[in-house]
1. Report the residue count in segment 36-71 for those that are touching a residue at least 40 places away in the same chain (Cβ under 8 Å), surrounded by fewer than 19 Cβ atoms within 10 Å (Cβ to Cβ) and either touching a Pro at 6+ places or on another chain (Cβ under 9 Å) or assigned to a strand (DSSP E or B) (or both).
2. Going by what's in this entry, would residue 33 be described as under 18 Å from residue 160 (Cα atoms), of a type in the set (Lys, Arg) and either modelled with pLDDT of 90 or more or surrounded by 14 or more Cβ atoms within 10 Å (Cβ to Cβ) (or both)?
3. Going by the structure shown, is residue 197 in a helix (DSSP H, G or I) and at pLDDT 85 or above?
4. Given 126, 132, which one is modelled with pLDDT under 95, over 29 Å from the mean Cα position of the chain (by Cα), part of a strand (DSSP E or B) and charged (D, E, K, R)?
5. If only one of 166, 221, 172 is modelled with pLDDT under 90, surrounded by 12 or more Cβ atoms within 10 Å (Cβ to Cβ), out of contact with any strand residue (DSSP E or B) (no Cβ under 6 Å at 6 or more places or on another chain) and of a type in the set (S, T, N, Q), which one is it?
6. Give me the residue from segment 7-23 that is surrounded by 15 or more Cβ atoms within 10 Å (Cβ to Cβ), in contact (Cβ under 8 Å) with a residue 40 or more places away in the chain and not acidic (Asp, Glu) and, out of that set, farthest from residue 160 (Cα to Cα).
7. Restricted to segment 87-118, and to residues that are surrounded by fewer than 20 Cβ atoms within 10 Å (Cβ to Cβ) and in a loop (DSSP other than H, G, I, E, B), which residue is modelled with the highest pLDDT?
8. For the structure I just gave you, tell me whether residue 28 is more than 16 Å from the chain's Cα centre (by Cα), assigned to a loop (DSSP other than H, G, I, E, B) and loosely packed, with under 14 Cβ neighbours inside 10 Å.
Amino acid sequence: MAPSLISPAEKDYIVRGAAADTRADGRARLDTRQITLETGVISHASGSARLRVQGGTDVLVGVKVEAGLPELVESDGSTLAKGDRGRLVVSVLDYGGNLLDTTLLAARSALHNARVPVTIVQDLGDGSGAVDFEIDDDVENAQRLKGWEDVPLGVTLCTMRLEHTQGEDEEQREDDDETGADGEGGRRKDNAPVGQLYLADCTPLEELSASARIFVAFNRQGRVVA
């Protein structure tokens, strides 16, 4: 699990590394870690997926779909048509940062993997209008779950704030006087950007070093939804 505290020295090391575009694991600021995605890993589930981030988070998602009984009754006594209902269960097996993005991708993959058995509705023929239904057990006839592609994906960016010490500012002014620079332009003497930096797929220590986290979710049309 992620540590609850981080020392000032660790935070300074992480922030300075981000400023130089070289993180502790060798990635650039917007680089992501490699992932391993497996689907159909739970035999008794309608759909499942396991997503493992290299050296980090491990998430297992299972989907269970079953026939649901109608709950709404119309004024004439008739009931609405039967529908399917399902549950999605997420288990975090290990944590190495960037949990929300990983969970969304694993959940979407599990829903894509889910298959719904064909249900045949039969009239009992007794004049009461009552019906019975039969579920086809042949997995070859199972249908893909509708609407899985509408589940959004997300990206979380951690904000790193660069804080200058008084000694650094004085040294920067001396260098500007020697070179004739005006000290403006948004970069430090070591060519690192000034202000805020954004890191993708952060580790637990990077998350603790961040001043804020920005999450953006988008649908399959590329529109921002959250």
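1. Total satisfying the criteria: 3.
2. no
3. The answer is no for residue 197.
4. Result: 132 is the single residue among 126, 132 that is modelled with pLDDT under 95, over 29 Å from the mean Cα position of the chain (by Cα), part of a strand (DSSP E or B) and charged (D, E, K, R).
5. Residue meeting the stated conditions: 172.
6. Filtering first and then ranking leaves 23.
7. Out of the qualifying residues, it is 95.
8. The answer is yes for residue 28.
The values are calculated or read from the model by the stated rules, or taken from the named source; none is laboratory data. Note that the coordinates shown come from a computational prediction; the quantities given were computed from them, not determined experimentally. Note that each Cβ is placed from the backbone with ideal geometry, even for glycine, and that neighbours are counted across all protein chains shown.
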